[in-house]
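In what follows, a single structure is set out as structure tokens and then discussed.
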Amino acid sequence: MDRLFLVASLSSVALIFMVMYSLRREHIRVEYSVSWLAAASLMLFLSRWPTGLELIGAPLGVRSPHAVLLSILVGVLLLVLYRVSLLLSHLRDNNVALAQKVAILEYRIGELAANADRR
Amino acid sequence: MTAAAGRVLILIPAYNEEGAIASVISEVRQVLGAVDMIVADDCSTDATVSIAQSQGVRVLSMPHHLGLGGCMQAGYRLAFELGYDFVVRLDGDGQMDPRDVPKLLETLRTDGCQMVIGSRYLEGSPPYTSFSRSVGIGMFRMLLRPILGKPVRDPTSGFVGVNREALQVFSRSFPLEYPEIEALVVLRRRAFRFQEVPCRVRPRMAGTSTITPAKSFYYIVHVLLGVLVNILRFERHRWRL
């Protein structure tokens, strides 16, 4: 078997194990592990199916299955990173709103305490 | 200041301004008397909070560093909840002269506009403006002219007064980073008006500016993108009507 495909297969299996291990240790949440598991499974499948890579590459004029595999790998990683950016943006917005609420509540509590002391 | 003219709040965003905050507070009191004042502290690591409190000013403390926009929006939210009619932002570094605050308030009350900008460029360029900063501001002036439908001389000024209508908008929607220019576009989307009044600017009382060439470049890209996104949102709503 081609060495590159072998490395891709082993890396995919390693990634699946890493994600599963993190899931078991609760270091990653199930909903955020799905995209990594899907990406690793796809890479494992494609690296074991060079004929399929040739079929995918033919209409694009790419003859080398290695180039097709690497292109798909880059595309999948970009998609996963984009999803992570979306999640991060959402978390940041929520975090800012929460921090503002905490600051305002703390201020209002301080005001109430000061008023109570005056009485 | 709770006259019939409306309740006024001076909002002072601060981040590590221990060298200047006491002077800013005392200057505001000299000019405006017993005006309501809140220091919005963006999780300073120095003595900013304790100095402000020792001056008898209430502090709105962020639990962690949010950036200027996030910190300002918290202040606007609080001011809106507390029922203020006018809020004037005065930076904690002492670059703005509180003697110009009455001019901003007067314009807000008499003109009916929703926002007043204390402009450093209405009467020529201030002496503390670098060449690159002038070029950047010139570029933003040209960009904003067609978007806002009128010229703006100082779109990056942090010396700003808003009325309750703008306060309501900002308490819900305010840019988190580099808010000044995007805030103008946010107001424009709601068909609000702004005016500029000349103001004095001074060098920082203490500390050093954190602006670097790399940050300036990031600032320009970030603001351009923010303005574009705001316009696209606005146009999308217009097309739906």
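How many residues are within 9 Å of another protein chain (Cβ to nearest Cβ) and surrounded by 18 or more Cβ atoms within 10 Å (Cβ to Cβ) when one looks only at region B:47-68? Spell out the reasoning first.
Taking region B:47-68 as the starting set, the residues that turn out to be within 9 Å of another protein chain (Cβ to nearest Cβ) are B:58-64, B:66-67.
If we keep only those that are surrounded by 18 or more Cβ atoms within 10 Å (Cβ to Cβ) as well, we get B:59-62, B:66.
Summing the residues that are within 9 Å of another protein chain (Cβ to nearest Cβ) and surrounded by 18 or more Cβ atoms within 10 Å (Cβ to Cβ) in region B:47-68 gives 5.
For residues that are in contact with a helix residue (DSSP H, G or I) (Cβ under 6 Å, 6 or more places away or on another chain), farther than 15 Å from B:E81 by Cα and aliphatic (A, V, I, L, M), tally how many sit in region B:152-183.
Qualifying residue count for the region: 3.
Contact list please: Cβ distance under 8 Å, first residue in region A:80-98 and under 24 Å from A:A40 (Cβ atoms), second residue at pLDDT below 95 and of a type outside the set (D, E), pairs at least six apart or on different chains.
A:V80/A:S35; A:V80/A:W36; A:V80/A:A39; A:R83/A:S35; A:L87/A:Y32
Which number in (1) surrounded by fewer than 12 Cβ atoms within 10 Å (Cβ to Cβ); (2) of a type in the set (V, I, T); (3) closer than 30 Å to B:Q73 by Cα marks the one condition that A:V84 misses?
Going through the list (1) surrounded by fewer than 12 Cβ atoms within 10 Å (Cβ to Cβ); (2) of a type in the set (V, I, T); (3) closer than 30 Å to B:Q73 by Cα, A:V84 breaks only (1).
Can you confirm whether region B:86-106 contains a residue that is within 14 Å of chain A (Cβ to nearest Cβ) and at pLDDT 95 or above? Outline the logic, then answer.
Residues of region B:86-106 that are within 14 Å of chain A (Cβ to nearest Cβ), as a first pass: none.
No, that holds for no residue.
For B:R188, state whether it is crowded, with 18+ Cβ neighbours inside 10 Å, of a type in the set (D, E, K, R), part of a helix (DSSP H, G or I) and out of contact with any Gly (no Cβ under 7 Å at 6 or more places or on another chain).
Details: crowded, with 18+ Cβ neighbours inside 10 Å: yes; of a type in the set (D, E, K, R): yes; part of a helix (DSSP H, G or I): yes; out of contact with any Gly (no Cβ under 7 Å at 6 or more places or on another chain): yes.
It is true that B:R188 is crowded, with 18+ Cβ neighbours inside 10 Å, of a type in the set (D, E, K, R), part of a helix (DSSP H, G or I) and out of contact with any Gly (no Cβ under 7 Å at 6 or more places or on another chain).
Counting residues that are under 20 Å from A:E111 (Cβ atoms) and not acidic (D, E), which helices (runs of 4 or more DSSP H) fully inside region B:40-135 reach at least 3? Full working, then the answer.
Numbers: elements: B:48-54, B:68-81, B:101-111.
The qualifying helices (runs of 4 or more DSSP H) are B:48-54, B:68-81.
Does any residue in region B:145-169 that is polar (S, T, N, Q) come within less than 6 Å, Cβ to Cβ, of a residue that is surrounded by 22 or more Cβ atoms within 10 Å (Cβ to Cβ) and not in a loop (DSSP other than H, G, I, E, B) six or more places away or on a different chain, and which pairs are these?
Once the first residue is polar (S, T, N, Q) and sits in region B:145-169, its partners that are surrounded by 22 or more Cβ atoms within 10 Å (Cβ to Cβ) and not in a loop (DSSP other than H, G, I, E, B) give B:S157/B:I117; B:S157/B:G118; B:N163/B:F86; B:N163/B:L108.
The values are calculated or read from the model by the stated rules, or taken from the named source; none is laboratory data. None of the values given here were measured: they were computed from a predicted structure. Neighbour counts run over all protein chains shown; Cβ positions are idealised from the backbone, glycine included.
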